[in-house]
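Encoded as structure tokens, the structure appears first; notes follow it.
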Amino acid sequence: MALVGVAGADSQTSFVDPVGDAGSSFDITGVRVSSYPGWGGGSDGSVGLEATVTRNRFWCRGEGGDLPLLIAIDADQNPDTGSAFYGTEVEFAFSPPANARDGEAVFLRANGWDFKGARLPEGLGWECGPTIGGYFIGTSALGITPMSGFNVVAATISSHPDTAPDIGTFNYQPVAGTPPPKLGPDTRAPHVVTYPAQAVHGRLATLTYQTLDGRGKTADTIRIYRGKRLLKTIRRPLRDSNPFDLSHVTWRVPRTLRGRLRFSVRSADAAGNQSNLRWASLSIR
């Protein structure tokens with residue numbers, strides 16, 4: 001297992017994330033990116049991607065670790081291409097141990113709005129310590145040169161994930177002072193995922209959905225139906241929207257209402273692009 005934190009980085013940049021914004025879950029406090037242009041010989045190079053966390057005894061388990069951390073890269077610095085997770089094209093994560101063996105890093109590439117597992121690139125390494133976790137990879141596997149900039153985001157894998165930054169991505173440039181490319185018009189609609197819900201009559205129902213937008217801003221409209229009859233419309237104004245986390249709205253169920261309902265969600269981004277209408281069931285007992 002190669003470690004990210006090796007000596008000799010030609011360029012290194014650290015980004016800070018607020019401490020204490022993750023509640024009792026894993027709390028990312030920063031992201032560090034290191035460039036090693038000479039690694040691998042020829043025109044190839046490598047990058048190290050590390051996230052620091054507050055000390056947590058469950059962060060690493062076993063010698064190989066069970067690291068609840070993913071780091072994703074937007075190699076072309078364009079949130080309107082790649083996955084719906086801020087336009088990232090590649091993602092590093094960690095597979096939990098199986099059959100009493102140590103877990104291993106996994107490598108994913110964008111597949112539509114989501115990611116799909118890909119073959120591990122040669123030279124991929126990872127590390128996990130009491131307050132740090134990360135990955136190490138050659139730039140050619142990312143489709144960039146050693147001098148290319150990129151966007152990066154880190155996220156914990158939990159029921160209450162913490163991301164760094166809280167919204168959007170950090171922009172890394174190995175050559176100091178290099179500006180990121182100027183973005184064109186946003187023409188890609190958000191993507192929405194809905195989840196079935198259950199509730200008790202006379203109490204609050206929690207409706208859960210996920211809205212993913214490359215630029216991280218959406219306005220959401222939620223409608224609740226019994227058959228074809230519209231019972232409630234909930235509108236959320238344009239807001240910061242984190243694609244790595246779930247969204248929730250609540251609705252007070254009438255005391256006399258029971259049975260099978262359904263709800264829909266549609267999201268629009270800051271440019272007015274609208275997602276497809278997504279549905280889920282809502283069972284009231």
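Taken together, the values in this text are just the output of simple stated rules run on the coordinates, not laboratory data. Only a predicted model underlies this, so the values are computations on that prediction, with no experimental measurement involved. All Cβ positions, even for glycine, are placed from backbone atoms using ideal geometry, and neighbour counts span all protein chains on display.
Positive-end ranking of LEU120, PHE170, SER159 along the dipole of the stretch 115-201, with charges on Cβ about the Cα centre, is headed by LEU120.
Sum -39500 (n - 2.57) across every DSSP H segment of at least 4 residues in the chain, then divide by the residue count to get the 222 nm mean residue ellipticity, nearest 500. If you can, show how the numbers build up before the last one.
Details: 1 runs with 4 residues, N = 285.
After summing the helix terms and dividing by the residues of the chain, the value is 0 deg cm²/dmol.
Estimated at 0.36 nm per residue, the fully extended path between ASP10 and VAL175 surpasses their Cα-Cα distance by 58.4 nm. Close amide H partners of SER247, meaning residues 5 or more places away or on another chain with modelled amide H under 5 Å apart, are TYR209, GLN210, THR211. Cross-link partners of LYS232 among lysines, defined as those whose alpha carbon lies under 26 angstrom from its own and excluding same-chain residues fewer than eight positions apart: LYS217. Among ALA270, ALA84, ALA176, determine the one that fluctuates most according to a GNM of the chain built with springs between C-alpha atoms less than 10 Å apart. Comparing ALA270, ALA84, ALA176 in a Gaussian network model of the chain, the most mobile one is ALA176.
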